[in-house]
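The values are calculated or read from the model by the stated rules, or taken from the named source; none is laboratory data. Not measured: the values here are computed from a predicted model. Every residue, glycine among them, receives a Cβ derived from its backbone with ideal geometry; neighbour counts consider all protein chains shown. For accessibility, only protein heavy atoms count, side chains too; no ligands or nucleic acids. Shrake-Rupley method; radii C 1.70, N 1.55, O 1.52, S 1.80 Å.
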Amino acid sequence: MSATGNAPLGSGAMDLPPFSLDVETLDLGGEVKAVGLELLGTESREPVRGKEAAAIWAATFPALAANECFALDFFSHVDRVREFCKMHEIQFREAADRCIVLRRPAETQLELIFERFEGETFGVRVGAIIEEPDAALEKDLSHRGLDAYQAAYERYTFCAICEPEDGWVTLLSQTLWPTEVIRRIRPALQRFDVYLARPH
């Protein structure tokens with residue numbers, strides 16, 4: 001377990017922060033390396049949603065990226081994404097028929113994105129090669145959705161599949177493992193009441 005401290009024996013979950021971010025290795029079969037992040041209510045074990053969840057996820061991704069460039073990939077409801085970005089002055093690129101890329105939005109913009117598109121599934125890529133368009137991946141994303149990441153994630157520090165409504169993020173990465181994920185995000189999440197845990 002990894003946390004800000006251990007509750008005294010017998011004091012129960014009431015002494016723990018209201019939110020828990022569980023970080024664990026996932027077995028997706030084959031040679032795919034993955035880490036799961038699940039944001040839950042500590043007592044209820046239900047996914048955390050809304051403004052609080054959006055703020056936590058918005059702080060998590062820049063911390064995971066460290067000093068590397070990152071981008072968000074949207075491949076569905078692209079008209080809504082396009083209009084939202086224009087309304088909030090978020091830079092975006094039309095990458096393929098049905099793929100919009102948002103390159104390194106600020107944390108305040110990320111928070112708006114996670115809140116507005118909570119019900120959508122979208123992706124995040126991190127790595128130096130984001131400085132240039134990845135035409136092959138972006139075309140694949142527009143046709144296959146985030147399944148396209150499985151063939152491409154080894155070129156990146158990580159590719160993430162975000163499902164905010166379920167409180168769930170899957171990181172596909174050759175270089176990040178649960179302890180490194182926790183090490184990176186712990187300082188960024190200190191301002192939130194979040195218990196970082198490795199459940200298994």
Original post:
So is ALA95 surrounded by 22 or more Cβ atoms within 10 Å (Cβ to Cβ) and either among the aromatic types (Phe, Trp, Tyr) or without any contact (Cβ under 8 Å) to a residue 60 or more places away in the chain (or both) or not?
Top reply: yes
**OP:** List every residue pair whose Cβ atoms sit under 7 Å apart, with the two residues 6 or more apart in sequence or on different chains, where the first one lies in the stretch 128-144 and is hydrophobic (A, V, I, L, M, F, W, C) and the second, anywhere, is open to solvent by 20 Å² or more (accessible area, probe 1.4 Å).
**Re:** ALA128/GLU68; ILE129/ARG155; ILE130/ARG103; LEU141/PHE75; LEU141/ALA96
Original post:
LEU196 versus (1) assigned to a strand (DSSP E or B); (2) within 24 Å of GLU31 (Cα to Cα): which is the lone unmet condition?
Top reply: (2)
Original post:
Looking at the stretch 104-126, which of the residues that are surrounded by fewer than 21 Cβ atoms within 10 Å (Cβ to Cβ) and in contact with a helix residue (DSSP H, G or I) (Cβ under 7 Å, 6 or more places away or on another chain) is nearest to ALA188 (Cα to Cα)?
Top reply: GLU107
**OP:** Would you check which residues across the stretch 50-73 are outside any helix (DSSP H, G or I) and touching a residue at least 12 places away in the same chain (Cβ under 8 Å) and list them?
**Re:** ALA66, GLU68, CYS69, PHE70, ALA71, LEU72, ASP73
Original post:
When you scan the stretch 50-62, how many residues do you find that are in contact with a strand residue (DSSP E or B) (Cβ under 9 Å, 6 or more places away or on another chain) and crowded, with 18+ Cβ neighbours inside 10 Å?
Top reply: 6
Subject >> Criterion violated by THR157 - all others in (1) open to solvent by less than 70 Å² (accessible area, probe 1.4 Å); (2) free of Cβ contacts under 8 Å to residues at least 60 places away in the same chain satisfied >> reply: (2)
**OP:** From the list LEU189, LEU171, LEU176, pick out the single residue that is modelled with pLDDT under 95, within 25 Å of GLU111 (Cβ to Cβ), open to solvent by less than 60 Å² (accessible area, probe 1.4 Å) and in contact with a helix residue (DSSP H, G or I) (Cβ under 8 Å, 6 or more places away or on another chain).
**Re:** LEU176
Subject >> Candidate set: the stretch 63-92, residues that are surrounded by 13 or more Cβ atoms within 10 Å (Cβ to Cβ) and not hydrophobic (A, V, I, L, M, F, W, C); chosen: the one nearest to the chain's Cα centre (by Cα) >> reply: ASP73
Original post:
How many residues does the stretch 94-141 contain that are more than 15 Å from the chain's Cα centre (by Cα) and in a loop (DSSP other than H, G, I, E, B)?
Top reply: 5
Original post:
How many residues does the stretch 134-159 hold that are farther than 10 Å from PHE75 by Cα and in contact with a Cys (Cβ under 7 Å, 6 or more places away or on another chain)?
Top reply: 3
Original post:
within 17 Å of LYS33 (Cβ to Cβ), open to solvent by less than 40 Å² (accessible area, probe 1.4 Å) and out of contact with any helix residue (DSSP H, G or I) (no Cβ under 9 Å at 6 or more places or on another chain) - does that describe any residue in the stretch 131-151?
Top reply: yes
